[in-house]
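*Asks:* Structure incoming, see below.
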Amino acid sequence: MRRPFVAGNWKMHGTRAENAVLIEALLLGLPAQPSVDIAVCPPFVYLWEVARLVKGSGLGVGAQSVCAEPVGAFTGEASATMLKDVGCQYVIVGHSERRGIFKETDALVARKFLAAHSHGLIPILCVGETLEERERGQMAEVVSRQLRAVLDVAGVEAMRTAVVAYEPVWAIGTGKNASPAQAQEAHAHIRAEVAARDAKIAAALRVLYGGSVKATNAREIFAMPDVDGGLIGGASLKADEFLKICAAAQAH
Ligand code: PEP
């Protein structure tokens, strides 16, 4: 049995005051003994404070990126050790905004994944195709290439603790989610790619769906057999929406 997982990617949103209000509402609304893992991923500058606000609650904290290097002259970056030091358990790597806007390559994403994993953080590895790639029928090829880049560098064993998020780029922030069938097809492909290296690890791997998940569509997407929860962008900034999405994951 895979325990569902819902993570909120706050992206570059929030203020200290807004974060405090959001976290308070989440802590009030979350069940005392959830059967789903839940985390929020604030911007770097708020990680320490959010980690303190959620301390002891069971709500996890993740960063949105990590430096591939351990320490040194890397202006603007934060290392895996630093993220652990301020209270993170998770870190998103390879988000399509990092790949697209900040030109992170498959090779760099793999090194970031390895840095996170080897310092005891749980990487949430994002993979997914653009609209052009989907229209060319290349979803499986793109997702395999992105996954293999990480598997070749970090090894399949690293997937014992990692989480993968299928995030079709055309569905992120667009209000246009993948259909449950499209999500299932991609998730089954991801699991098969990992299973080609280790079937047991693949069977236990949590694969999240991300891309315009809302309270109104979460239930049908999470009902798919290879969907183990969600990585939530816009809807994670509204406590009532995020709580409903967590409840939908809990229901499976
Ligand atoms: C994301 O950026 O990871 C995401 C899934 O965004 P949204 O839910 O807003 O589409």
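What follows is calculated from the coordinates using simple rules that are stated; it is not laboratory data. A quick note: this is a predicted structure, and the numbers were derived from the prediction, not measured. Virtual Cβ from ideal backbone geometry, glycine too; neighbours counted across all protein chains shown.
*Asks:* Of the listed peptides 7-14, 166-173, what is their order by residue-averaged count of other C-beta atoms within 10 Å, with the highest listed first? List each step's numbers first, then the result.
*Replies:* Values: 7-14: 20.1, 166-173: 23.0.
The packing order, highest mean first, is 166-173, 7-14.
*Asks:* Counting Lys and Arg as +1 and Asp and Glu as -1, each charge on the Cβ, what is the dipole of segment 88-164 about the Cα centre in debye, to the nearest 20? Kindly include the intermediate steps, with their values, before the conclusion.
*Replies:* Details: 10 positive and 10 negative charges, 44 e Å.
The calculated dipole for segment 88-164 is roughly 220 debye.
*Asks:* Using only the alpha carbons, work out the radius of gyration and Dmax of the chain in angstrom.
*Replies:* 16.7, 47
*Asks:* Per DSSP H run of at least 4 residues, take -39500 (n - 2.57); add these up for the chain, divide by its residues and hand me the 222 nm value, nearest 500 deg cm²/dmol.
*Replies:* Result for the chain: -12000 deg cm²/dmol, rounded to the nearest 500.
*Asks:* Please enumerate, by chain and number, the lysines with C-alpha under 17 Å from the C-alpha of LYS55, excluding those fewer than 8 residues away in the same chain.
*Replies:* LYS84
*Asks:* GNM on the chain, C-alpha springs below 10 Å: top fluctuator among VAL142, VAL227, VAL45?
*Replies:* Fluctuation is largest for VAL45.
*Asks:* What is the magnitude of the charge dipole of the chain about its Cα centre, with +1 placed on the Cβ of each Lys and Arg, -1 on the Cβ of each Asp and Glu, and no other charges, expressed in debye to the nearest 20?
*Replies:* Details: 26 positive and 26 negative charges, 66 e Å.
Dipole of the chain, to the nearest 20 debye: 320 debye.
*Asks:* Using the crude model of +1 on Lys and Arg Cβ and -1 on Asp and Glu Cβ, and no other charge, please compute the dipole size for segment 54-189 relative to its Cα centre, in debye to 20. Each step should come with its number before you reach the end.
*Replies:* Values: 13 positive and 15 negative charges, 53 e Å.
The dipole magnitude comes to about 260 debye.
*Asks:* So how far apart, in nm, are the two label points at VAL71 and PHE102 if each is 7 Å from Cα heading toward Cβ?
*Replies:* 2.2 nm
*Asks:* Which loop-located trypsin sites (Lys or Arg not before Pro) does segment 44-92 contain, where loop means any DSSP state but H, G, I, E or B and the Cβ has at most 16 other Cβ atoms within 10 Å? Walk me through the numbers before you get to the answer.
*Replies:* On the way: sites: ARG52, LYS55, LYS84; in loops: LYS55.
Within segment 44-92, the qualifying trypsin sites (Lys or Arg not before Pro) (loop, at most 16 other Cβ atoms within 10 Å) are LYS55.
*Asks:* For segment 145-252, list log₁₀ I(q)/I(0) at each q in 0.17 Å⁻¹, using the Debye formula over Cα point scatterers of equal strength and ignoring solvent, two decimals each.
*Replies:* Per q value, in the given order, log10 I(q)/I(0) is -0.77.
*Asks:* Tell me the trypsin sites (Lys or Arg not before Pro) within segment 96-177 that lie in a loop according to DSSP and have at most 10 other beta-carbon atoms within 10 Å. Please list the in-between numbers first.
*Replies:* On the way: sites: ARG98, ARG99, LYS103, ARG111, LYS112, ARG134, ARG136, ARG145, ARG148, ARG160, LYS176; in loops: LYS103, ARG136, LYS176.
Filter output for segment 96-177: LYS103.
*Asks:* So if R0 is 22 Å, what FRET efficiency would ARG148 and HIS119 give, r being the distance between their Cβ atoms, rounded to the nearest 0.05?
*Replies:* Values: r = 23 Å, r/R0 = 1.04.
My answer for the efficiency is 0.45.
*Asks:* Which lysines have a Cα less than 23 Å from the Cα of LYS176, not counting those fewer than 8 places away in the same chain?
*Replies:* Result set, ordered by chain and number: LYS11, LYS214, LYS238, LYS244.
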